[in-house]
């Protein structure tokens with residue numbers, strides 16, 4: 001089909017958006033017929049690529065794509081730490097010059113910066129913003145987003161309803177890897193190791209195998225018998241058979257996941273969807289033939305199990321295959337042995353011996369899976385021995401040794417139990433060489449930020465000196481040299497207000513471990529029904545009570561929440577905690593009502609506020625208080641508050657937003673929609689490293705939690721010194737009496753003996 005004809009047809013068709021993490025992948029996407037390509041912003045994209053594109057390289061890609069009538073979007077979708085704000089401002093200044101077709105973002109700080117100083121840059125709302133209903137889509141459009149990428153957990157019918165009710169331009173993922181948790185609501189990797197999925201560093205705990213058990217000891221016995229399963233490892237999404245339905249739903253853009261994939265994967269996948277899209281109006285016979293060929297191309301691109309995800313059902317039965325990890329790829333064979341040696345350049349090299357069940361060549365992307373520990377090590381093949389001799393490739397049935405440079409304790413020896421997988425096809429080495437060649441060609445070109453503009457913005461943000469100099473002493477050592485690891489002293493210079501979150505209205509009658517200045521109650525059907533029955537008992541707490549709106553509200557539930565909010569406002573409840581940046585839109589019905597003057601809105605930690613610009617955004621949204629991100633380091637928190645409050649002093653006329661810290665509770669590590677039959681509620685599951693977790697189904701969600709609490713209670717003094725305004729204790733994650741005793745113990749000297757999860761307060765968030 002000629003370019004002019006295809007362009008004419010696509011004015012009425014869905015846009016096909018392809019990923020590119022390398023120059024060969026970018027060129028493959030153009031050649032295969034993509035309408036648009038997305039690439040990562042240097043240092044700010046939510047993928048841990050081995051090498052980011054430079055600004056001159058992106059500029060050259062924009063020009064090349066535009067010459068061919070193809071759009072370029074930049075994924076600047078990572079959360080930004082306080083120390084990274086100057087670089088983020090510089091990036092925005094560079095993109096203002098490069099003029100891509102849009103930036104894809106999730107960070108509210110980037111939204112604030114872009115809309116305040118770079119209004120000509122089009123914005124798309126990342127799927128990491130977890131948009132799953134029409135209120136969210138509508139409000140993000142009002143905030144300046146031209147397009148909204150919906151959560152991957154929606155069915156075609158729900159996608160249609162969201163698009164129709166919001167009027168937003170809708171983009172959906174059509175192909176590629178799936179996460180078990182809602183994107184933007186997964187903290188498993190971050191709180192257990194400091195590698196944030198919201199910053200592209202996820203270690204993918206959902207891909208590990210786990211065992212159901214009453215105890216860690218029993219779990220080890222069951223694992224020895226092969227009882228462990230891949231409980232949360234989602235199969236890949238494939239929607240090539242659902243394209244007509246998505247077009248009828250009003251979808252504007254179909255997005256292929258895979259910026260870490262090879263050029264061959266991109267070429268095959270884009271070609272498959274291009275064929276299917278261009279044949280949608282053909283005869284049934286033609287469409288059947290095209291779909292057969294499309295599936296053949298997809299099979300050749302990646303031998304991973306696929307399903308339609310949530311597109312055809314909100315309770316998909318084929319989304320997970322517990323017997324095998326959804327991201328395993330093509331099995332190359334069982335590992336016979338693993339030995340460690342020193343290479344000539346002095347590096348540690350593992351030699352993995354196996355008999356091949358599939359072809360292999362240098363440049364393939366592989367994954368070594370240790371079934372005893374659950375550890376998975378991904379690498380590009382650069383060293384291959386066949387019968388003891390160095391070779392470029394090997395065939396099925398040959399005995400080979402595969403080399404990878406690593407020093408992995410516990411992953412060598414003849415007793416290693418595991419397999420080797422091919423997770424991507426095509427040569428990564430060729431991609432690297434092409435990138436180096438293009439980089440040399442563009443070496444003389446420069447894209448520089450407007451220094452005057454950058455300095456002006458940083459001055460407005462109250463940036464003075466380096467971020468690490470702000471709030472110094474809040475990391476490994478507290479002020480005055482006192483170690484932060486010690487419990488806070490009982491005599492603090494400032495007693496911070498305590499906010500107590502409870503699960504039920506009936507819990508309000510119980511004694512709390514501290515005096516509550518505010519009481520937070522989840523807004524759900526149980527509590528609303530009990531409100532009428534216990535109204536007289538609740539009245540005395542009305543001045544303290546805040547209702548927390550959940551992070552996930554399906555489209556079908558919006559009417560109930562609107563009705564419940566109107567009832568609460570009518571009864572004199574005016575304080576609410578919002579768990580999504582868009583939820584102030586739920587109060588649209590009272591815009592001109594007298595209630596509007598009394599309304600007080602606060603944000604939950606699920607807004608993922610990680611920098612002072614994000615805090616400033618909540619001020620503009622009208623929040624009276626905001627909880628900072630649970631993922632933050634102590635030093636990052638201190639720096640963000642210092643800049644935020646310094647800016648606040650410069651703007652005395654404006655109403656300031658208080659900053660809160662979640663200091664105790666059992667925050668969900670996964671927040672998922674899937675409730676498969678193999679997932680056993682209220683039963684512990686154990687990792688290969690004997691970490692124990694619990695699973696529950698609540699209000700239509702599947703939640704995974706650690707069995708030990710998250711706690712920053714011993715850092716009260718440090719938080720007070722940072723000028724945090726209030727502390728949140730969440731008692732809703734376990735029986736109330738047990739929680740009260742635990743918190744009392746942690747606040748006293750006995751807490752030293754209790755095991756807790758401290759996240760990244762003293763660590764490093766990457």
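Quick notes
- On inspection, residue 341 qualifies as under 30 Å from residue 406 (Cβ atoms), in a strand (DSSP E or B) and at pLDDT below 95.
- Screening region 303-346 for residues that are within 29 Å of the chain's Cα centre (by Cα) and on the phi > 0 side of the Ramachandran plot and picking the one that is surrounded by the most Cβ atoms within 10 Å (Cβ to Cβ) gives 309.
- Any hit, region 251-263, residues being crowded, with 23+ Cβ neighbours inside 10 Å and assigned to a helix (DSSP H, G or I): yes
- Qualifying residue in region 550-558 (condition: in contact with a strand residue (DSSP E or B) (Cβ under 8 Å, 6 or more places away or on another chain), surrounded by 15 or more Cβ atoms within 10 Å (Cβ to Cβ) and part of a strand (DSSP E or B)): no
- Some residue of region 442-458 being under 30 Å from residue 665 (Cα atoms) and either at pLDDT 70 or above or part of a loop (DSSP other than H, G, I, E, B) (or both): no
- The condition of being in contact (Cβ under 8 Å) with a residue 12 or more places away in the chain and part of a helix (DSSP H, G or I) holds for only one of 546, 531, 521, that being 531.
- Counted residues, region 151-186 - those being within 15 Å of the chain's Cα centre (by Cα) and within 28 Å of residue 117 (Cβ to Cβ): 2
- Residue within region 121-128 that is touching a helix residue (DSSP H, G or I) at 6+ places or on another chain (Cβ under 8 Å), in contact (Cβ under 8 Å) with a residue 40 or more places away in the chain and within 30 Å of residue 181 (Cα to Cα) present: yes
- Qualifying residue in region 268-289 (condition: closer than 22 Å to residue 183 by Cα, surrounded by fewer than 21 Cβ atoms within 10 Å (Cβ to Cβ) and outside the structural domain of residue 364 (by TED's automatic domain parsing)): no
- Enumeration of residues in region 539-553 that are within 25 Å of residue 183 (Cβ to Cβ) and in contact with a helix residue (DSSP H, G or I) (Cβ under 7 Å, 6 or more places away or on another chain): 549, 551, 553
- Residue selected from region 212-246 under the condition under 19 Å from residue 696 (Cα atoms) and at pLDDT 90 or above, by the criterion surrounded by the fewest Cβ atoms within 10 Å (Cβ to Cβ): 231
- From the list 135, 131, 148, the one residue that fits, being in contact (Cβ under 8 Å) with a residue 24 or more places away in the chain, under 24 Å from residue 62 (Cα atoms) and crowded, with 19+ Cβ neighbours inside 10 Å, is 148.
- Considering 350, 408, 381, 366, the condition of being outside the structural domain of residue 257 (by TED's automatic domain parsing), more than 19 Å from residue 260 (Cα to Cα), within 33 Å of the chain's Cα centre (by Cα) and modelled with pLDDT of 80 or more is satisfied by 350 alone.
- Unique residue being assigned to a helix (DSSP H, G or I) and within 20 Å of the chain's Cα centre (by Cα) when the list is 581, 613, 596: 613
- In this entry, residue 309 passes the filter for residues that are assigned to a loop (DSSP other than H, G, I, E, B), more than 20 Å from residue 421 (Cα to Cα) and touching a strand residue (DSSP E or B) at 6+ places or on another chain (Cβ under 6 Å).
- Scanning region 741-761 for residues that are out of contact with any strand residue (DSSP E or B) (no Cβ under 7 Å at 6 or more places or on another chain) and either surrounded by fewer than 19 Cβ atoms within 10 Å (Cβ to Cβ) or within 17 Å of residue 660 (Cβ to Cβ) (or both) yields a count of 12.
- Residue within region 718-737 that is assigned to a helix (DSSP H, G or I), buried (at least 23 other Cβ atoms within 10 Å of the Cβ) and touching a helix residue (DSSP H, G or I) at 6+ places or on another chain (Cβ under 9 Å) present: yes
The values are calculated or read from the model by the stated rules, or taken from the named source; none is laboratory data. Treat the numbers as computed from the prediction; the structure is a model and nothing was measured. Don't worry about glycine lacking a Cβ; one is built from the backbone with ideal geometry, like all the others, and counts go over all protein chains shown.
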